[in-house]
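Below you'll find the structure, written out as structure tokens, and then a few comments.
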Amino acid sequence: MTKNYAGIDLGSNSCKIIICDENKNALCIKNTSTRLAEGMYKNNRITDEAIERCQKCFYDYRQLLDEHNVDTENVRAITTAACRTAENGADLVKLIYAE
């Protein structure tokens, strides 16, 4: 059985996923608008609406990972500076992991 791998990039405006097989052939590429940083700079917090959009996005991406038989150990995700510096950025990451 071949191993599949995924990379997820949560940016300030969109979240991207690429799923590849072990030969680096792209199996799935998707870009989803999450508008993570929208409204954040007023109080350095990610808004509840942005968190909901991110939750939905990662739920959808989890379905793609399952469809392409990607083990969680073969997934790498990175976040934008907006998520890393927001007062509640770590809370968002914990929420996504928990789900």
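Here each label is just a point 7 Å from Cα along the line to Cβ, and for residue 13 and residue 25 those points are 3.4 nm apart. Once backbone amide H atoms are built at 1.01 Å from N, residue 77 has 8 as its partners under 5 Å, excluding neighbours fewer than 5 places away on the same chain.
By accessible area, using a 1.4 Å probe on protein heavy atoms only, the chain has 49% of its surface on carbon and sulfur. Whole angstrom only: what separates the Cα centroid of segment 1-16 from the Cα centroid of segment 38-82? Cα centroid to Cα centroid, the span is 10 Å.
A viscosity of 0.692 mPa s and a temperature of 37 °C, combined with the Kirkwood radius over C-alpha pairs in the Stokes-Einstein formula, give the chain a diffusion coefficient of 237 µm²/s.
Helix 89-98: angle to the longest alpha-carbon principal axis of the chain, degrees 0 to 90, nearest 10? Its long axis makes an angle of about 40 degrees. Mean separation of Cα pairs under 8 Å and 6 or more residues apart, divided by the residue count, gives the chain a relative contact order of 32 percent.
What the phi angles of segment 26-41 give under the Karplus curve with 6.51, -1.76 and 1.60, with θ = phi - 60°, is a coupling list of 5, 9, 7, 9, 9, 10, 10, 6, 10, 6, 4, 7, 4, x, 5, 6 Hz, glycine and proline written as x. For the chain, the number of Lys pairs separated by eight or more positions or lying on different chains, with C-alpha atoms closer than 15 Å, is 5. Rolling a 1.4 angstrom probe over the protein heavy atoms with all chains in place gives the chain an accessible area of 64 Å² per residue.
Ranking 65, 36, 8 by Cα position along the charge dipole of the chain, where only Lys, Arg, Asp and Glu carry charges on their C-beta atoms, puts 36 farthest toward the positive end. Given their separation in residues at 0.36 nm each and the Cα-Cα distance between them, residue 64 and residue 77 gain 3.2 nm when the chain is fully extended. Principal-axis analysis of the Cα atoms of the chain puts helix 48-67 at an angle of about 0° to the longest axis.
Expressed to the nearest 5 percent, the antiparallel share of DSSP beta bridges inside the chain is 75 percent.
The values are calculated or read from the model by the stated rules, or taken from the named source; none is laboratory data. Keep in mind it's a predicted model, so treat the numbers as computed, not measured. Cβ sites come from the backbone with ideal geometry, for glycine too, and all protein chains shown count toward neighbours. For accessibility, only protein heavy atoms count, side chains too; no ligands or nucleic acids. Shrake-Rupley method; radii C 1.70, N 1.55, O 1.52, S 1.80 Å.
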